[in-house]
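Below is one structure, written out as structure tokens; the observations come after it.
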Amino acid sequence: MSELTEEIAKRRTFAIISHPDAGKTTLTEKLLLFGGAIHVAGAVKSNKIKKTATSYWMEIEKQRGISVATSVMGFNYNNYKINILDTPGHQDFAEDTFRTLTAVDSVIIVVDIAKGVEAQTRRLMEVCRMRKTPVIVFVNKLDRDGKDPFDLLDELEEELKINVRPLSWPIDMGQRFKGVYNIFDKKLDLYTPSKQYVTESVEFKDINSPELETHIGDHLAEKLRSDIELIEGVYPEFETETYLKGEIAPVFFGSALNNFGVKELLDCFVKIAPSPRPIQAVERIVTPTEDKFTGFVFKIHANMDPNHRSCIAFVKICSGRFERNANYKHVRHGKMFRYSSPTAFMAQKKETVDEAFAGDIIGIPDTGNFKIGDTLTEGEELHFKGLPSFSPEMFKYIENSDPMKTKQLNKGIDQLMDEGVAQLFINQFNGRKIIGTVGQLQFEVIQYRLLHEYGAQCKWEPLNLYKACWIESDDEAELENFKRRKAQYMAKDKEGRDVYLADSSYVLQMAQHDFEKIRFHFSSEF
């Protein structure tokens, strides 16, 4: 096995996704705790301890206790190199999460035992299904009362449209929670509530041994045995192959806040989860073990360090080895660039790396050269697809509140739009700037970040529009005629492409009907 193949086989790159409040960020922290990457878990939002969660970056996230941007963290565990992408759960930031899913090889979905599957989780699962991404489910918050585990498994199958197979099983829940039986490793994990330490586990090759009673009592021992018998009878044997094809989802139970069931999840995960997988580019399929480096930008984050107005482009390495200071081709610009300070992340701490391998995610300082979806290679013309920008559903005019700060405002808008949190359209009729987003919360985030990171104040003016659609046509005359007729509703996006801003669904349908030679697109990837 070559060094390259060996390094790549060690990589596990995955995203953690869930509905807001299911405990995703807490789970991420606990995984970092086991990786030795942090030594004490941050008590999010506790006034006694002034430590906030490791993966919350921006000020607004610390204030609200929600993740707004995807953060990337890497650590080593048992000779594996693990890269976690913690994604925003809030639906207004779904687009950031959809893009992140293009950069990972597998996914862990966190579900709250009391709330079950929620709308946002369903949408994200659709993306995983479409991409055949392997999924593991972690059922969280067993230290609280919730749904019956068997009912929850039925709900998972029905809502997520995927077969499930429990690999651990809870022994009661809420106040009476005793622990879980680890079906994968055949052992009993007993629960003592503690946020910092892991609880004891006892090997149990034979669940029928009378020793079980001494640990959990007669009544629960009997129930556990009949539950396990039922599981073995109803659910298919767990096979790694079907999991890797995305056809079955292993399920684990635990309480991330109390650090329980997390290590079991991690131990099983590193064994069964896929190492980096081949990726389809427009031109060909790229396999991770190719000698030559290739990668694509799936996210841009402005102002990671407020003292330096720098943007960072997150690059997912698809094949080969990336080396610092080597020359790589930026395919869209058709130029060679050299990157002297690529970084790897451990939440907010970042360090310069000399090399990285397929499966890793590195940050490259960006002075405006990158856009989401850009490809880097050693010279080959390649294009990785599948990084959509969706048509926004909410629109507002953005106005400058302080004429002295016009330069700062423009720079702020430019950088934040590059991140893909929202889209900028310039109305061709009156030259005003319009911001389009998929959710209300994004307007607040933009306003907050413009003020706190760029010192620019903006105000919003309402604008009633139905949808933005990108238009193109092979018939120049028809296109010109359309633009003339719809002059008040024509805009350009950041790339200078024509965008039609329809003010109602009826008007849009009529336009599609009247102008048959024009193609209307609802995502900017075409």
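The values are calculated or read from the model by the stated rules, or taken from the named source; none is laboratory data. Not measured: the values here are computed from a predicted model. Neighbour counts run over all protein chains shown; Cβ positions are idealised from the backbone, glycine included. Accessible surface areas use protein heavy atoms only, side chains included; no ligands, DNA or RNA. Shrake-Rupley method; radii C 1.70, N 1.55, O 1.52, S 1.80 Å.
Accessible area per residue, 1.4 Å probe, Å², for segment 251-303: what's the number?
29
Magnitude of the Cβ-charge dipole of segment 210-314, K/R +1 and D/E -1, about the Cα centre, nearest 20 debye?
Numbers: 10 positive and 17 negative charges, 192 e Å.
That gives segment 210-314 a dipole magnitude of about 920 debye.
Run the numbers for S341 and L190: contour at 0.36 nm per residue of separation, minus the present Cα-Cα distance, in nm.
49.7 nm
Find the all-direction average of the projected area of the Cα convex hull for segment 449-526, expressing the result in square nanometres with one decimal place.
Averaged projected area of segment 449-526's Cα convex hull equals 6.6 nm².
Rounded to the nearest 0.05, what FRET efficiency do H333 and T406 have when you use their Cβ-Cβ distance and R0 = 30 Å?
0.55
Just the Kirkwood number for segment 384-526, please: inverse of mean 1/r across all distinct Cα pairs, in Å, one decimal.
Details: mean 1/r = 0.0629 Å⁻¹.
That comes to 15.9 Å for segment 384-526.
Once you charge only the Cβ atoms, +1 for Lys and Arg and -1 for Asp and Glu, what is the size of the charge dipole of segment 244-305 about its Cα centre, to the nearest 20 debye?
Roughly 100 debye, rounded to the nearest 20.
What does the extension gain come out to for E232 and R485, with contour length at 0.36 nm per residue minus their alpha carbon separation?
Answer, rounded to one decimal: 84.4 nm.
Assuming R0 = 41 Å, what is the FRET efficiency of E399 and D148, from their Cβ-Cβ distance, to the nearest 0.05?
0.15
Dimensions of segment 330-462 along principal axes (Cα, Å, largest first)?
So the three principal-axis extents are 47, 31, 26 Å.
What number comes out for accessible area per residue over segment 356-515 if the probe is 1.4 Å? Units Å², please. Before the final figure, lay out each step's value.
On the way: 7140 Å² over 160 residues.
Here the residues of segment 356-515 average 45 Å² of exposed surface.
If I model a spin label as a point 7 Å beyond the Cα along the Cα-Cβ vector, how far apart are those points for E157 and H513 in nm?
With each label placed 7 Å out from Cα toward Cβ, I get 4.6 nm.
Rounded to the nearest 0.05, what FRET efficiency do Q457 and K494 give with R0 = 30 Å and r taken as the Cβ-Cβ distance? Could you check?
Details: r = 22 Å, r/R0 = 0.74.
My answer for the efficiency is 0.85.
Hey, which of these cross-link pairs are over 19 Å Cα-Cα: K371/K494; K396/K467; K115/K147; K407/K433; K30/K187; K245/K292?
K30/K187; K245/K292
Residues in segment 258-298, backbone N under 11 Å from the label point at N79 (7 Å along the Cα-to-beta-carbon vector): list them, ranges by number please.
The answer is none, because no backbone nitrogen lies closer than 11 Å to the label point.
For segment 226-324, build the convex hull from the C-alpha positions and give me its volume per residue in Å³.
That works out to 189 Å³ per residue.
Using a 1.4 angstrom probe on heavy atoms only, work out the carbon and sulfur share of the accessible area of segment 380-480 in %.
51
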